[in-house]
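Working notes, beginning with the structure itself.
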Amino acid sequence: MLLYILIVLLVYIFSVMILHLKNPEPYWDWDNISLDESKFPKKFKWGTATASHQVEGNSINNWSKFENQINKNGDPNISNNQKSGDACDHWNRYAEDILLIKNLGVSHYRFSIEWSKIEPEQNCFDIDVINHYHKMIDSIIENDLVPVLTLHHFTHPLWFDDLGAFEKSDNIKFFIKFCDKVFKEYSSKVPIWCTINEPAVVSTQGYFSGMFPPGKKDSQLSAIVLKNLLEAHVQSYQSLKKLENGDKVKIGIVKNINQFDPWRRWNLLDWIVSAAVNQFFNWSSIQFLSSGEFKIRIPGLAWIKHENKNAINSTDFFGLNYYSHNHLKVKLFSKELFSMEYKNKDIMTDMPYIIYPEGIYRAIKYVSILKVPIMITENGIADHKDDRRAIYIERYLYSVSKAIKDGYNVVGYFYWSLMDNFEWAFGYDMKFGLYSVDFKTQKRKLRKGANTFIKIVKNAK
Ligand code: BGC
């Protein structure tokens, strides 16, 4: 019996040691790092980003339905019952906003177009809306900025929801039809296209945590939706590439990598849960894009296997969004299986995650196995006091520049976001903007912390 216990103990120690050594959680000595050393290639794409639903206003035929509903506990779905409403009125104020972007000294503007406005009813395309985006794209170009267009940034029309949205693989064709239509309109003007923004967020927030529409909590369905969103990316990529200009433009997926580390590095259960969450959230997508195999195998939670070899080489670049680092802690005697924790030594953002610039370096390394150029399509901080933004920008950009120096092919960086906006389930409480917005007057004001970004961009030229 004693021998048996000893063997189990040795196996446990050995497994944890291997995991610990194979998956380091680096922390750099920031006090002794010279941030002035950040260097970027001359052709680096500097930009800032927004998404239609978060900034345009008057989006009434999409995600906003969820803003007016209550959850199972009787609470509003959005913090303090806020609604996207007029948002930043970017729809009417895009011209002045484009000047704000120009003032930052950047070269690119990433925005999304609102499917629910372009095709409010199935098969009915609104020509005025299509022309509106034409004018906006023209204005971006006239101001010497390069437009980067996202086709799906969390929102779609209600008729698509009514059909079951991405719960059903049969519905992907409706998304492709929309993509083809807008590509024919704008592809002669827009050189960089993003297909789906953060498929794992749409699937986990919408179908696992229930924080996004449709507010479901079904882990198997969440995995199915993730698979279908990735399929939608692959199929739209293939379809757009066949159209005129398809071979001239760059088309890529946008995916955020969240770092999941065990709370206790000696605890095998924390390691197992971190690995499972990582497989669901990160690895299943990367594996699909690199091998054509989509697999999630988490007993009792989600079990799915799907293959499409067209997924290999289906992205001209990898749009990497990076925000969060989570520590997972198993809770044996609690209703919830595990919790997300934050180590004290780290600095919090206003969102429930910490500042961990080493994480963006790790994320770049992680996705580099796809062997395509990496574009940081989003990175930024919610910081209502504006007392952490400058250091956040300096340190994250240091990490990006270090990755470039170490040989990783990072071609651009887009700060999230141009201005404060509707931060989904958090409403207007989160202040990500380089510009603050007074939502009563719609006045924009450059934040002090944004000057650090402007300075780095200027020095890099
Ligand atoms: C999304 C943005 C969001 C940002 C900050 C990203 O996941 O693409 O729409 O505002 O994170 O939370």
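The values are calculated or read from the model by the stated rules, or taken from the named source; none is laboratory data. Nothing here was measured: the structure is a model prediction, and the numbers come from that model. Positions of Cβ are backbone-derived with ideal geometry, glycine not excepted, and every protein chain shown enters the neighbour counts.
For segment 38-52, the tally of residues that are buried (at least 24 other Cβ atoms within 10 Å of the Cβ) and either in a loop (DSSP other than H, G, I, E, B) or not polar (S, T, N, Q) (or both) stands at 4. Note on segment 300-326: residues that are at negative phi, at pLDDT 95 or above and away from the ligand (no atom under 16 Å from the Cβ) total 15.
Condition test on Leu229, is it within 18 Å of Leu289 (Cα to Cα), in a helix (DSSP H, G or I), touching a strand residue (DSSP E or B) at 6+ places or on another chain (Cβ under 7 Å) and more than 16 Å from the ligand (Cβ to nearest atom)? Here the answer is no, as Leu229 does not meet what is asked.
To keep it simple, each residue is scored yes or no on (1) assigned to a loop (DSSP other than H, G, I, E, B); (2) closer than 30 Å to Trp263 by Cα.
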position	(1), (2)
Trp28	yes, yes
Asp36	no, no
Asn61	yes, no
Lys65	no, no
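Could you give me the residue pairs with C-beta distances under 6 Å whose first residue belongs to segment 428-452 and is without any contact (Cβ under 8 Å) to a residue 24 or more places away in the chain, whose second residue is within 14 Å of the ligand (Cβ to nearest atom) and assigned to a strand (DSSP E or B) wherever it lies, and which are 6+ apart or on separate chains? Once the first residue is without any contact (Cβ under 8 Å) to a residue 24 or more places away in the chain and sits in segment 428-452, its partners that are within 14 Å of the ligand (Cβ to nearest atom) and assigned to a strand (DSSP E or B) give Gly433/Met419. Against the numbered list (1) of a type in the set (A, V, I, L, M, F, W, C); (2) more than 16 Å from the ligand (Cβ to nearest atom); (3) under 27 Å from Gly215 (Cβ atoms); (4) not in a helix (DSSP H, G or I), Val106 comes up short only at (3). Flag: Asp128 matches the condition of being modelled with pLDDT of 95 or more, more than 25 Å from the chain's Cα centre (by Cα) and of a type in the set (Asp, Glu). Taking each residue of segment 170-198 that is assigned to a helix (DSSP H, G or I) and modelled with pLDDT of 95 or more and looking for partners that are polar (S, T, N, Q) and more than 16 Å from the ligand (Cβ to nearest atom) with beta-carbon atoms closer than 6 Å, six or more apart or interchain, yields Ile172/Gln235; Ile176/Gln235; Ile176/Ser236; Ile176/Ser239; Cys179/Ser236; Asp180/Ser239. None of Leu19, Leu3 is part of a helix (DSSP H, G or I), at pLDDT below 95 and more than 22 Å from Leu418 (Cα to Cα) except Leu3.
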